[in-house]
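To start, the structure under review is shown below, and the notes come after it.
The values are calculated or read from the model by the stated rules, or taken from the named source; none is laboratory data. Predicted model only: the values in this text are computed from it and were never measured. Please note: Cβ atoms are built from the backbone with ideal geometry, for glycine as well, and neighbour counts cover all protein chains shown. Heads up: the accessible areas ignore ligands, DNA and RNA and are worked out on the full protein's heavy atoms, side chains in. Shrake-Rupley method; radii C 1.70, N 1.55, O 1.52, S 1.80 Å.
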Amino acid sequence: MELIDLDEDSLMEIFSYFHFNELLTLSSVCLRFLHICQRHLRTIRNFELDYRAVVARDNYTEYLRNVFAILGPTMEAFRFSGGYIMDEILKQTIVDNLATHCTNLQHLTINYTVLNEHHLRPLATLLRTLVSLDLGRCDMTDENLGEFLQSRPLKLRFLAIPGNPALEGAFFKHWTTAEQLEQLDLSYCYSLNIDAMEGFMQHANRLMAVDATGNLWLERNKDIFRRDGRSITMGTSMPALEYFRAG
């Protein structure tokens, strides 16, 4: 008897001994192996991409397509920290595969990765399902972030954009899709003018916590978060998730 002749329960037991990358390889052997591998791999709902492990691969674009094609449909959370100097093809491959395959994603974290309009426009398709979004230290501008946030109706309850020093607050002007937003992290956006949020606050009527640590304009107008009878806590508590990280 050959391995392919075994019943599905037996194959499931055997495949349970393989690690993540071995299952990815086995998934390309035949359709039956693909289904078995999918049953194992799709139990991974929160996935963190290891930049160093991916970039060391000879054909990382094919590897990433395989990862996202298998995990993407059931993935609920994705986290990636790339580094400011990274392969542009790798960055675009990650963004495009996220947009194509992760149709049920609820939590997205991308840190220390320069994001421009070419990356944010594909990612905008994820705003239909995202509940929390962390784009910390991504070197974003008001124009790019504003276009991104206004492009879709939002379910976002948590938004973190810390450490983006180029943001001045102009993106708040036309952002009218923040009805569900509860917590907003603006920490260490040194140039951001808190006064620019005044009109935005009328739309974000569920906002109850803001982190403006390190904001140079905060000292000039501390009361902007306590107007109209509202009392917004200075400090946020973003969702803390556990992630599977493939080596």
**Asked** Which FRET efficiency value, to the nearest 0.05, is calculated for residue 26 and residue 150 with the Förster distance at 41 angstrom and r the Cβ-Cβ distance?
**Response** 0.40
**Fill in**
So the FRET efficiency between residue 198 and residue 116, C-beta based with R0 = 25 Å and rounded to 0.05, is 0.35
**Asked** GluC sites (Glu not before Pro), restricted to the stretch 194-247: which are DSSP loop and have at most 10 other Cβ atoms within 10 Å?
**Response** 242
**Request:** Determine, for each peptide in 148-156, 184-192, the mean count of other beta carbons within 10 angstrom over its residues, then list the peptides with the highest first.
**Result:** 184-192, 148-156
**Prompt:** In the chain, carbon and sulfur make up what percent of the accessible area (probe 1.4 Å)?
**Reply:** 49
**Complete:** With only helices counted (DSSP H, runs n ≥ 4, each -39500 (n - 2.57)), the per-residue ellipticity at 222 nm for the chain, to the nearest 500, works out to -8500 deg cm²/dmol
**Message:** Mean-square fluctuation check for the chain, GNM, Cα pairs under 10 Å: which of 143, 22, 182 is largest?
**Reply:** 22
**Prompt:** How much length, in nm to one decimal, is gained on full extension between residue 39 and residue 76, taken as 0.36 nm per residue of separation minus their Cα-Cα distance?
**Reply:** 11.7 nm
**Request:** With a Förster radius of 45 Å, plug the Cβ-Cβ distance of residue 205 and residue 57 into 1/(1 + (r/R0)^6) and report the FRET value to the nearest 0.05.
**Result:** 0.45
**Asked** So what is the accessible area of the stretch 115-161 per residue, in Å², with the probe set to 1.4 Å?
**Response** 38
**Message:** Using DSSP to call loops (not H, G, I, E or B), can you name the chymotrypsin sites (Phe, Trp or Tyr not before Pro) in the stretch 25-126 whose Cβ has at most 12 other Cβ atoms within 10 angstrom?
**Reply:** 84
**Message:** Output the 0 to 90 degree angle, nearest 10, between the alpha-carbon long axis of helix 60-71 and the longest principal axis computed from the alpha carbons of the chain.
**Reply:** 90
**Complete:** Whole-Å distance linking the alpha carbon centroid of the stretch 178-234 with that of the stretch 20-64 is 41
